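Participant: One structure, as C-alpha cells, below. Some questions next.
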Amino acid sequence: QVRLVESGGGLVQPGGSLRLSCAASGNIFSINTRGWYRQAPGKERELVARITSSGSTNYADSVKGRFTISRDTAKNWVSLQMDSLKPEDTAVYYCNFARSLPPSEYWGQGTQVTVSS
C-alpha cells in the first residue's frame with residue numbers, strides 16, 4: 001500500500017506562483033509514474049503533469065511552459081512548481097503514483113488551488 005499526502009495549495013493572484021508537494025510512504029517499490037491531476041468544479045479529472053522512473057516528463061498543453069514537475073532522488077517526493085497561474089488553473093490537485101506490475105495506482109486526498117484576484 002502507498003500513502004500520499006499533498007501540501008502547498010492555497011489562494012494566489014493571477015500571475016502568481018505556488019509549489020505543490022506530495023510525500024509518499026509505504027511500498028513505493030516498482031512505482032513507474034508519479035504525477036499530478038486536477039479536477040475543477042463540474043469537470044472531469046485531468047492529467048496535469050507526469051514523470052516516469054527514468055525522468056521523462058509530459059504535460060498537459062494548457063500548462064506547458066508554466067508548470068514543472070520534479071521528484072527527489074529517492075523518488076518518494078514529487079513536486080509541481082506552478083508559475084504564471086491563471087484563473088482557469090483553479091481546481092483540486094491530486095497526487096498520483098502508479099505501477100504497471102501489478103497494475104495499481106494510488107491517490108492523495110487533494111489540495112485546493114484557487115487563482116483569483
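The values are calculated or read from the model by the stated rules, or taken from the named source; none is laboratory data. The structure displayed is predicted, hence computed values, not measured ones. Using ideal geometry, Cβ is built from the backbone for each residue, glycine included, and neighbour counts are taken over all protein chains shown. To get the accessible areas, we keep the full protein, side chains included, count just its heavy atoms, and leave off ligands, DNA and RNA. Shrake-Rupley method; radii C 1.70, N 1.55, O 1.52, S 1.80 Å.
Participant: State the number of residues belonging to the stretch 10-36 that are part of a strand (DSSP E or B) and more than 12 Å from Val113 (Cβ to Cβ).
Facilitator: Result for the stretch 10-36: 9.
Participant: Looking at the stretch 95-117, which of its residues are open to solvent by 40 Å² or more (accessible area, probe 1.4 Å), under 15 Å from Val2 (Cβ atoms) and of a type outside the set (A, V, I, L, M)?
Facilitator: The answer is Ser100, Pro102, Pro103, Glu105, Trp107, Gln109.
Participant: Which of the residues that make up the stretch 86-117 are aliphatic (A, V, I, L, M) and assigned to a loop (DSSP other than H, G, I, E, B)?
Facilitator: Residue satisfying the conditions is Leu101 alone.
For (1) basic (Lys, Arg); (2) open to solvent by 80 Å² or more (accessible area, probe 1.4 Å); (3) assigned to a loop (DSSP other than H, G, I, E, B), each residue gets a yes or a no:
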site	(1), (2), (3)
Lys43	yes, yes, yes
Ala49	no, no, no
Gly55	no, no, yes
Ser62	no, no, no
Ser70	no, no, no
Ala74	no, no, yes
Ser79	no, no, no
Ser84	no, no, yes
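Participant: Here is a check on your reading of the model: is Leu20 open to solvent by less than 60 Å² (accessible area, probe 1.4 Å) and of a type in the set (A, V, I, L, M, F, W, C)?
Facilitator: yes
Participant: Which of the residues belonging to the stretch 53-97 are touching an Asp or Glu at 6+ places or on another chain (Cβ under 7 Å) and more than 30 Å from Asn27 (Cβ to Cβ)?
Facilitator: Of everything in the stretch 53-97, just one residue is touching an Asp or Glu at 6+ places or on another chain (Cβ under 7 Å) and more than 30 Å from Asn27 (Cβ to Cβ), namely Arg66.
Participant: Of all residues in the stretch 25-47, how many are modelled with pLDDT of 95 or more, hydrophobic (A, V, I, L, M, F, W, C) and closer than 20 Å to Arg3 by Cα?
Facilitator: Of the residues in that region, 2 qualify.
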